[in-house]
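The values are calculated or read from the model by the stated rules, or taken from the named source; none is laboratory data. In this text, all values refer to a predicted model and were calculated from it rather than measured experimentally. Positions of Cβ are backbone-derived with ideal geometry, glycine not excepted, and every protein chain shown enters the neighbour counts. SASA here: full protein model, heavy atoms, side chains in, ligands and nucleic acids out. Shrake-Rupley method; radii C 1.70, N 1.55, O 1.52, S 1.80 Å.
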Amino acid sequence: MSKLKQLSDWLGRTIKRKQIDDTQSARIGMVDREFANHPSRGLTPQRLAAILTNAEQGDLIDQLDLFEDMEEKDAHIFAELSKRKRVLQGLDWSIVPPRNATPQEEKAADQASEWMQDIDNFEDALFDMADAIGKGFSNLEIDWQRESHIMLPRLNHRPARWFTVNKADRDKLLLRSDDNQGEALWPFKWVSHIHKAKSGYIARSGLHRVLAWPFLFKNYSVRDLAEFLEIYGIPARLGTYPSGASEKDKRTLLQAVISVGHNAAGIMPEGMMMEFKEAAKGASDPFMAMIDWCESSESKAILGGTLTTSAESTGLGSNLGDVHNEVRHDLRDSDARQLAGTLTRDLVWPMVALNIPGIDPARAPRFQFETQEPEDLKLMSEALPELVKIGFQIPRSWGHEKLQIPEAEDGEAVLGVTEAPSPLRGEGWGEGKNEQKHAATAAAATKAGTTEPDLVDHQVRRLQDETAPSIDAMLDQIRTLLEEVATMEELQERLVEAFNYMEIDDLAEVIQLGMSAAELAGRFDTQQGE
């Protein structure tokens, strides 16, 4: 317990035992039993401006309730924001030691990685933390649990409306209290993520501040479109009552006029008349144009573009969509970096401090997402050998990092390639290539435990050496044809013509000698066997 009292967070605040064991949110009294105000009901431009202004002055509740309504009522905002949130759950992550780490620091990073993997709801916690993209902040309360002498966290998301900001320091989050003063968040008890979707104080940094106006305008257009569709094609009905009609007769006539519109049937007192005017005309295009503009604006604000959401006829093929997707990757990487910093400060360091004494906060392990896209494996496999040939000194670790291929541990089985010897190599056939191949064959034979290659191998190598000049001459003629022709059909015709002029007498003589040698070797083996 004495060690625990000496612990401190990143800001140097002392950690008390009571704060580790207690639940701070249980102290907020009536706040957790409040219901949302749903300010989106009957929202007007004047009301929205007032909500945003009050939030800037420290009253966040209506703004946060509005942000919740926006995600629930606007399916487009929900879908686009879900993409941005859920992509973070699919990223690989790791716990890395600091630069020039000592063996103790490397071991602490490995242990912290194991503990992170033991957190049951960690992927859900990443999604909850990403709620800060829209609202500006998201808080998860830590419930510390002891398992096999190790303190492990359980993360519980708390509603945004439970929190407020310090009016003297609008970048400092407080837990709301019944006295409206607010209470500072206990260290080691909260993963408090403040997300910078845009610059500004916490109340103005959330992305939903930008989305609120398209959301409002879209609601007006959707409402007007619904009203238009309700009356479209229905003729206007005009009822006429005689002078002196009672209020009861007037109500009866009005009900009859309304009933005729939808039921095509109705009754009214004698002496009253109903006149049908021309059916309502118009088109839904103006309403849909406004709705499309609003949704396009929402997509641009959330994902940086529109072509990753819907296919649009731009005449530019898929290239423009690829550019928009690259912008989306930039947003993902920015979100991941911000989340990683919060997790390092509020989760990794507390776990290390509670379970491994003697670690300096400045040398604590760091949480990081793997956001780097792997390079094109085929392209790199072709480019790197050529770069090495002309003198580039490329570290092997750099290649592993770019291709995202882990380096093998000592003694770990690795993949290998066994290349079978081939008598013909195509381009590059020559004496130098043959010597390299013979040396490789001899080395393989030595490794296999044989001191000398057998007679057949010797004859094969000799046949390859002696036929090489003739084959090279033939290949040179074929290469010349390839440079002269334009189509495969022309190559076929020219190849037939060129075959008659190829000098193959030397090649035939070598092959004949080889066949004779093979026959003599066969007779010798037969006699030896007898």
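Could you work out how much longer the chain between Asp118 and Thr53 gets when fully extended? Use 0.36 nm per residue separation minus the Cα distance between them, nm to one decimal.
Details: separation 65, 0.36 × 65 = 23.40 nm, distance 4.34 nm.
That works out to 19.1 nm of additional length.
For the range 121-164, take every pair of Cα atoms, bin their distances at 10 Å starting from 0, and report each bin as a whole percent.
It works out to 27, 46, 21, 6, in whole percents.
What figure, in Å² to the nearest 10, do you get for the accessible area of Arg461 with a 1.4 Å probe and non-protein molecules left out?
60
Give the peptides 81-91, 241-251, 361-371 in descending order of average Cβ contacts within 10 Å, highest first. Numbers along the way, then the final one.
Working: 81-91: 16.5, 241-251: 10.8, 361-371: 18.0.
Ranking the peptides 81-91, 241-251, 361-371 by packing returns 361-371, 81-91, 241-251.
Quick check: net charge around Leu88, other residues with Cβ under 10 Å of its Cβ, Lys/Arg +1 and Asp/Glu -1?
Working: positive: Arg84, Lys85, Arg86, Arg332; negative: Glu123, Asp335.
Net charge in that neighbourhood comes out at +2.
For the pair Asn355/Ser94, report the inter-label distance in nm, with labels modelled 7 Å from Cα in the Cβ direction.
Placing both labels 7 Å beyond Cα along the Cβ direction yields 1.9 nm.
How many nm is it between the label spots at Arg170 and Asp465, if each spot is 7 Å from the Cα in line with the beta carbon?
Placing both labels 7 Å beyond Cα along the Cβ direction yields 8.8 nm.
How much net charge surrounds Lys196 when only other residues with a Cβ under 13 Å from its Cβ are counted (Lys, Arg +1; Asp, Glu -1)? Spell out each step's value before the answer.
Details: positive: Lys135, Lys198, Arg204, Arg209, Arg337; negative: Asp171, Asp335.
Residues close to Lys196 contribute a combined charge of +3.
Using a 1.4 Å probe and counting only protein heavy atoms, arrange His157, His195, His329, His149 so the residue with the most accessible area comes first. Please list the in-between numbers first.
Working: His157 70, His195 0, His329 50, His149 160 Å².
Of His157, His195, His329, His149, the descending order of accessible area is His149, His157, His329, His195.
Mind checking the alpha-carbon convex hull of the range 18-92 and giving the volume per residue in Å³? List each step's numbers first, then the result.
Working: hull volume 12.4 nm³, N = 75.
Convex hull volume per residue, Cα atoms: 165 Å³.
Report the net charge of residues surrounding Asp110, where surrounding means a beta-carbon distance below 14 angstrom and charges are Lys +1, Arg +1, Asp -1, Glu -1.
Numbers: positive: Lys107, Arg366; negative: Glu105, Glu106, Glu114, Asp118, Glu409.
Its environment carries a net charge of -3.
At 1.4 Å probe size, with the rest of the protein present, what percent of the exposed accessible area of the range 76-231 is carbon and sulfur atoms? Write out the running numbers ahead of the final one.
Details: 3360 of 7240 Å².
Roughly 46 percent, rounded to a whole number.
Of the listed peptides 293-300, 201-208, what is their order by residue-averaged count of other C-beta atoms within 10 Å, with the highest listed first?
Numbers: 293-300: 19.9, 201-208: 21.4.
Per-residue mean Cβ counts within 10 Å order the peptides as 201-208, 293-300.
Put one equal scatterer on each alpha carbon of the range 119-192, apply the Debye formula with no solvent term, and list log10 I(q)/I(0) at q = 0.23 1/Å to two decimals.
-1.07
Long-range amide H contacts for Asn121: which residues qualify at under 5 Å (H placed 1.01 Å from N, peptide plane, sequence gap of 5 or more or a different chain)?
Placed amide hydrogens put Leu155 under 5 Å from Asn121.
Taking the simple approach of a point 7 Å from Cα along Cα-to-Cβ for both Lys73 and Asp32, what is their distance in nm?
About 2.9 nm, to one decimal.
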